[in-house]
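The structure appears right after this line, and notes come after that.
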């Protein structure tokens, strides 16, 4: 009976403690070594002398002197059986082997459990024999899962194949528990009459949080002093998102994910706790398995804010397959990120890839098909053909001769028809009227022509498993995405393999190899050839063309040929599909990453770790225009089919631009982990090491003139090309290296696991800042503490299940790769007049330029109440950016008007919280409902700057304008002029700071003090709300994301001169002032000609009445999943399978003034995020 009581106490009470301890140890040392149970038992010695003692007494004696506990089925083991054992400092396994020799009992060591089984058939029992298989959500069978009958000590564990067998009554409840997984209860009475019960365990977010993976060392949750969030990829995985960063939107407090374009494969803007630099990169540092990722092509901050550039090239994450990622850890404050040094001022996001487990091979396959909806005219507030001709008719009837201003026989609309009538191409007035009538009815649907409902396919397969000493994980992935515009498609291919092996009890090795290829084909991004005159129009994006082009003319002529016209931006004939059919841009990025890491247990409390990583990436971007494009016609100076001028720059052929980039990235890292003291009272840990990084970059830009695409992609030659391009480079080469060395250390002390103190320090040195020795090295450091209040005796009974306070303060640094202390010069071709080589200086020497600094303060609270049904954290922070690099004006006698210096300061202060609630909990297959809410508020403010603001830049609606920073205001803000009234002539007037009102119509002059501050462009309030419902085999999830408190300015709708006939217009203009008296009913000025610069129509577009709120609430994701029942799985021999339907961006609630634009993409006037639907199936066998 004593044994039963002890076993029950251990099974129901100590098991929870045991699981936590095992979890802590497992994740703390998973990257360093793996302890094997059998090797430990070989070192565990016992001394005991028992004669004719009951078997139960032997079990009690062994449990008292070792960390092992016996687990067995009472129906199988006779505890009263007498045994005699004599051992003196003898290994435990030998004692067990001798004891059970020639018996029906076998044993297996599973962690610190000695699991007993019997070979003999069991006697008849009124209980039924329940058996089955236990696996994880990916179908991998789990070894060592504890299976207990609730309220008793009866239990067993799963074997190598994840199988178990246990005797139970029909009314019993089986409890399945395993380290790192949520326990699961199965009510046998709720299961259909069957003796087979298969169970799927879900990984536990709570227990995963016991160990924080920082990318360097692993920290037990109760000793973590920093602001950190860890989530499982499986919890945020979206079939409609092929990038891991997009999946994090609305999932982590303080993490802002903003889509800058709805194009396929678009790269979002990612920020953690605001913007702390004026001219540097605001993105966080991305880390995979301890290796910092590098972008395949270095981009400037301006390029990072330009969708056409960054979407084509991609960033460091473009080659990552989300299905290979196990967990995501977001590090936000100095205590968490200081170990990463100067590159971590924007925060750090750590990705941990999947690894194999000890099991037979497990294969998982998934395939997803999705459809994204194209944009439609019904989404936007644009004129139809009749309304658009009405504007032209207004000009015509008013005698303003608008139709002559830009009209030509190749123009469109009413003005084009009138030009053809005047040239006698239209013989009669009736012919002219008939053509105008036809123009009113065309209603050409450019969205239908240039866009499609896009189909995409995503397929992945992975295999994992391994033995006791070696595990493996390998995967292949493929993504084939069509863009909603007809020109764009995006393909990605991934492959990876990870091998973990234990060469000895103290030596472990991990080998990792991955490769990827991204290939994107799309419409060309216009480039103007250097060194030659050209009369080209920028090649429009499909979305821009559909939005801005009149619907009053057709795509094709009646004979099927393309309708060629000359628009307001054209010197030569143009047709959008002719341009797209005869041009293209292709971007191909390849990458290979190889890594070896080793960890060695020198002693029980000293471990060393080494890592070597090599990454090779290449990117090839090619853009070509054939000779029959408008782009080439502008260079040739003649329409296609017409003779080129004798002095034409490009008399034959087209043009091709080729940009190649190659990057070799090396990381070498060595660390140690030393725990000199670890008792119930004191815990001391020292972690440190060094790191070396080298990044060698080579880029080539090549231009080919006379390109003949249809003739084998050759280049034709012509003497005019050589003459006109003398001095212009055909080839430009960029070749440079960045090198850095770092040293870091972490010290942690804990007293009774109640009070924790932490110190981080890191020194970084780089050739980016090296001309002045005192600026060569930059320290990053933090001090932090934690009080685990729940460990206090006065908290043992009460409301809280967990309560802890965290505090940290530290210094982080960052570099601005666009600024350098070195003199930068470029060699030019020899001068034509002297033959001597020329040299141009790009930037002067700047020896005192140093690192940007960010001082970070954080105060946090972690809590859990109501039996941990409600748990969360709250953080208050302050980030003070100091010595930020900005351009200051200098005397032009230096040869330059500006010089980058460390001068500006920016502050970010905020609060964030995340709460998870388990609203309903029930044993499977009952109803479960959980909710997660996260919220963040960030106040961004410029506190010091030396920029002289320029009114035109302050009025710009573009979201990246560091040259318009104002002290006391956010870095990126909306400013406007103050609208006052319209007069009887339809002229807009504005208020000035001194209270007066503007009087004229042109040459208006506004000072900085005359502008009105409307608010920040980036939403200070952001977050997400998710709900998950489970019932039987169904799972339903909803995710809402939101942003509040920011402002935009509507699209410009007025122009100084009358609108060109090929332009489409916003329907707002139908309500513009037409005649005297209209000023009482409208605030939109007249649309007549307004000559002169800085006129009232320009400033009306920049006025405060055009400002709208950027608030939005989006139903980002709805997912319905159905897991196939056991009978189906057995039929097809699957261990797990589910089918899933998903909808993304289903509803959006935002200001109607956006006129169909998306609040995330609106600041860049980009394609809105499309609504999409997907269907996927996932099987494991």
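Here, each number is a calculation from the coordinates, and none is a lab measurement. Small disclaimer: the values here were computed from a predicted structure and weren't measured. As a convention, Cβ positions derive from the backbone with ideal geometry for all residues, glycine included, and neighbour counts pool all protein chains shown.
Here is how the numbers come out for the structure above:
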item	result
Distribution of pairwise C-alpha distances over segment 924-1017, 5 Å bins, in %	2, 11, 18, 16, 13, 10, 7, 5, 4, 3, 3, 3, 2, 2, 1, 0
Kirkwood-Stokes translational diffusion coefficient of segment 1014-1139, alpha-carbon pairs, 4 °C, 1.567 mPa s, µm²/s	65 µm²/s
Relative intensity, log₁₀ I(q)/I(0), of segment 402-473 from a Debye sum that treats every alpha carbon as a point, q = 0.20, 0.24, 0.25, 0.26 Å⁻¹	-0.87, -1.03, -1.06, -1.10
With Cα atoms, 0 to 90° folded angle of helix 413-422 axis to the chain main axis	30 degrees
Among beta bridges that DSSP assigns inside the chain, antiparallel share in %, nearest 5	95 percent
Beta bridges per DSSP with both ends in segment 45-118, % antiparallel, nearest 5	80 percent
Per-selection metrics, segment 1075-1181 (Cα): Rg and Dmax in Å	25.8, 81
Acute angle (nearest 10 degrees) that the helix 429-442 long axis makes with the longest principal axis of the chain, alpha-carbon atoms	10 degrees
Two-decimal log10 I(q)/I(0) for segment 128-200, as the Debye equation yields it once each C-alpha is a single scatterer, q = 0.22, 0.28 Å⁻¹	-0.93, -1.48
Inverse of mean 1/r across different Cα pairs in segment 216-361, Kirkwood, Å	16.1 Å
Peptides ranked, highest mean first, by Cβ atoms within 10 Å: ranges 743-749, 947-953	743-749, 947-953
Degrees separating the helix 55-65 axis from the principal Cα axis of the chain, which is the longest one	60 degrees
Burial order of peptide ranges 169-179, 52-62 (average beta-carbon count within 10 Å, highest first)	169-179, 52-62
Helical contribution to [θ] at 222 nm, DSSP H n ≥ 4, -39,500 (n - 2.57), averaged over the chain, rounded to 500	-3500 deg cm²/dmol
Binned Cα-Cα distance frequencies in segment 318-400 - 10 Å width, integer %	11, 18, 17, 15, 13, 13, 10, 2, 1
Ranked by how many other beta carbons lie within 10 Å on average, peptides 685-691, 451-457 from highest	685-691, 451-457
q = 0.23, 0.27 Å⁻¹, segment 547-621: log10 I(q)/I(0) [Debye, one scatterer per Cα]	-1.09, -1.23
Where only alpha carbons of segment 45-118 are counted, the Rg and the Dmax (Å)	11.4, 32
Volume per residue that the Cα convex hull of segment 506-658 spans, once the total is divided by residue count, Å³	177 Å³
Per principal axis, descending, Cα span of segment 366-509 in whole Å	96, 26, 25
Computed Rg/Rh of the chain, alpha carbon atoms with Kirkwood Rh	1.03
Share of pairwise Cα separations in segment 471-582, more than 20 Å, in percent	63 percent
Beta bridge orientation in segment 553-612: antiparallel %, DSSP, nearest 5	100 percent
Ranked 420, 517, criterion: other C-beta atoms within 10 Å, fewest first	517, 420
